[in-house]
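Quick notes on the structure that follows.
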Amino acid sequence: MAYTDISRGVRLAADHAKYIAWLQKDTEARQAAYAAITTPGNKVQTARISGYLAPFSATGTTLIYAPAKLIGPTQTGRGATLAATVKDILSEYSNLTLDGSEVGLTGVKYKPATMTLTERITTATTKESSRITGRKYYRHENDSVTGKFGKKVVADDYDSVVAAIRTHAKYIAFFNTGANAAFNKVRFVPEGV
């Protein structure tokens with residue numbers, strides 16, 4: 001251990017004490033602190049509709065579908081364009097309705113695979129204080145939208161679908177178009193995790 005690590009201990013102990021004090025606040029006090037730094041109009045509200053996904057864990061020679069909430073066709077307000085992008089990228093890996101030959105399950109609980117796109121809206125140039133520790137940091141403005149996906153064909157597995165999603169034209173454009181595109185992020189979460 002170096003002397004710099006020892007000297008950091010005092011500062012980190014003070015931050016830890018502030019964090020513990022934050023945890024001991026009641027819900028109303030935490031919500032008030034959150035509201036003080038949050039603009040309600042800047043929150044993304046994604047409209048969802050009922051649909052179906054073919055789970056990666058399903059086996060057999062035909063696709064079996066489980067109910068899921070999917071991104072709706074009509075979006076308004078903050079993040080509407082991002083939600084439409086996520087919907088377009090994932091649309092071929094979900095079904096809004098089932099035809100007579102497709103098998104849909106009911107009462108099934110499972111956690112579908114998800115993709116989250118996070119878009120940098122503005123890059124902060126001045127530091128703001130943390131509401132928990134008081135430390136100064138850059139608070140960038142980002143929008144995030146998460147969509148669910150499953151198999152397209154029986155032979156699909158999670159890795160092959162993620163690889164196909166990464167080649168979608170709108171996915172590629174998301175990371176290459178716009179002033180802040182270099183700061184955009186993606187997060188894939190496998191089914192059931």
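The values are calculated or read from the model by the stated rules, or taken from the named source; none is laboratory data. This is a predicted model, so every value here is computed, not measured. Cβ placement follows ideal geometry from the backbone for every residue including glycine, while neighbour counts extend to all protein chains displayed. Please note that ligands, DNA and RNA were not included when accessible areas were found on the heavy atoms of the full protein model with its side chains. Shrake-Rupley method; radii C 1.70, N 1.55, O 1.52, S 1.80 Å.
Table: residues versus (1) over 17 Å from residue 87 (Cβ atoms); (2) in contact with a Phe, Trp or Tyr (Cβ under 7 Å, 6 or more places away or on another chain).
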site	(1), (2)
119	no, no
129	yes, no
134	yes, no
157	yes, yes
Subset of the range 32-52 (residues that are of a type outside the set (Gly, Ala, Ser), surrounded by fewer than 12 Cβ atoms within 10 Å (Cβ to Cβ) and either over 20 Å from the mean Cα position of the chain (by Cα) or in a helix (DSSP H, G or I) (or both))
34, 37, 40
Cβ-Cβ under 8 Å pairs, at least 6 apart or on other chains, the range 11-34 side in contact (Cβ under 8 Å) with a residue 60 or more places away in the chain, far side in a helix (DSSP H, G or I) and not aliphatic (A, V, I, L, M):
22/30
Is it the case that residue 62 is touching an Asp or Glu at 6+ places or on another chain (Cβ under 9 Å), at pLDDT below 90, more than 30 Å from residue 129 (Cα to Cα) and open to solvent by 50 Å² or more (accessible area, probe 1.4 Å)?
yes
When you go through 137, 171 one by one, which is the residue that is touching a residue at least 12 places away in the same chain (Cβ under 8 Å) and among the aromatic types (Phe, Trp, Tyr)?
171
Any residue at all in the range 139-152 that is more than 28 Å from residue 39 (Cβ to Cβ) and out of contact with any helix residue (DSSP H, G or I) (no Cβ under 9 Å at 6 or more places or on another chain)?
no
Just checking, how many residues over the range 87-109 are crowded, with 17+ Cβ neighbours inside 10 Å and either among the β-branched types (Val, Ile, Thr) or part of a loop (DSSP other than H, G, I, E, B) (or both)?
2
Residues of the range 141-186 being among the β-branched types (Val, Ile, Thr) and not in a strand (DSSP E or B), which ones?
153, 154, 161, 162, 165, 167, 172, 177
